[in-house]
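One structure is given below, encoded as structure tokens.
The values are calculated or read from the model by the stated rules, or taken from the named source; none is laboratory data. Model, not experiment: these values are computed from the prediction. Quick reminder, even Gly has a Cβ in these numbers, built from the backbone with ideal geometry, and neighbours come from all protein chains shown.
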């Protein structure tokens, strides 16, 4: 069964570009071709010509499908459209609720402040991130079920996106380091917007492309 659907949001990558571009499937001709809207990243279009190779990623709640295709035609129909060759096969990139990438991000966190109070942020380090949450390392114990406010920045292209999200501690466990003990927390993002998830996906796929180029993925 094909994972492709009309009006489906997709993520488009091109080898010479670090960023991930977002597009929508406009038309599907089964086993023949796929037409997509002009892919954009921060309002910048992805330039492509006939014969260019593109990687398409389709994230879902339980996995991410990926395929490589080529541009067959560039045309206009009220909006710019790319006609792509129908893929020979689809590859499952990762089987889990959200695509996750290891990273080292400086973040800030605190217990949820009361109404009217200013957040009392402390520094911490994020160890991985997905559109659904992140794993962080903190110096003190925090129990599962607690609500934390986390603030962090994701650099994509020349733009830095700032997040301040309410999270729930789903897992908390002690890790013994040399001369110190830290606690690693698995956090669930409680309420992210579609735009915020798109930014996180773009960051993840850009990181995946960087790791693949460096031979670490």
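Return yes or no: is residue 169 in contact with a strand residue (DSSP E or B) (Cβ under 6 Å, 6 or more places away or on another chain) and crowded, with 17+ Cβ neighbours inside 10 Å? Considered against the rule, which asks whether it is in contact with a strand residue (DSSP E or B) (Cβ under 6 Å, 6 or more places away or on another chain) and crowded, with 17+ Cβ neighbours inside 10 Å, residue 169 comes out as yes.
Conditions (1) more than 16 Å from the chain's Cα centre (by Cα); (2) loosely packed, with under 12 Cβ neighbours inside 10 Å; (3) at pLDDT below 90, marked per residue:
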| site | (1), (2), (3) |
| --- | --- |
| 6 | yes, yes, no |
| 21 | no, no, yes |
| 27 | yes, no, no |
| 44 | yes, no, yes |
| 50 | yes, yes, no |
| 58 | no, no, yes |
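Residue count for the stretch 137-160 satisfying the condition of being part of a strand (DSSP E or B), over 14 Å from the mean Cα position of the chain (by Cα) and either closer than 18 Å to residue 191 by Cα or in the same structural domain as residue 19 (by TED's automatic domain parsing) (or both): 6.
Considering the stretch 13-89, the qualifying strands (runs of 3 or more DSSP E), each wholly inside and each with 2 or more residues that are farther than 25 Å from residue 203 by Cα, run over 21-29, 33-37, 63-77, 79-85. Is it true that residue 83 is under 30 Å from residue 161 (Cα atoms), in contact with a strand residue (DSSP E or B) (Cβ under 6 Å, 6 or more places away or on another chain) and not assigned by TED's automatic domain parsing to the domain that holds residue 203? In short, no.
You will find that of 106, 146, 117, the residue that is in contact with a strand residue (DSSP E or B) (Cβ under 6 Å, 6 or more places away or on another chain) and over 21 Å from residue 193 (Cα atoms) is 146 and no other. State whether the residues of the stretch 181-202 include one that is free of Cβ contacts under 8 Å to residues at least 24 places away in the same chain and part of a strand (DSSP E or B). Yes, because at least one residue in the stretch 181-202 is free of Cβ contacts under 8 Å to residues at least 24 places away in the same chain and part of a strand (DSSP E or B).
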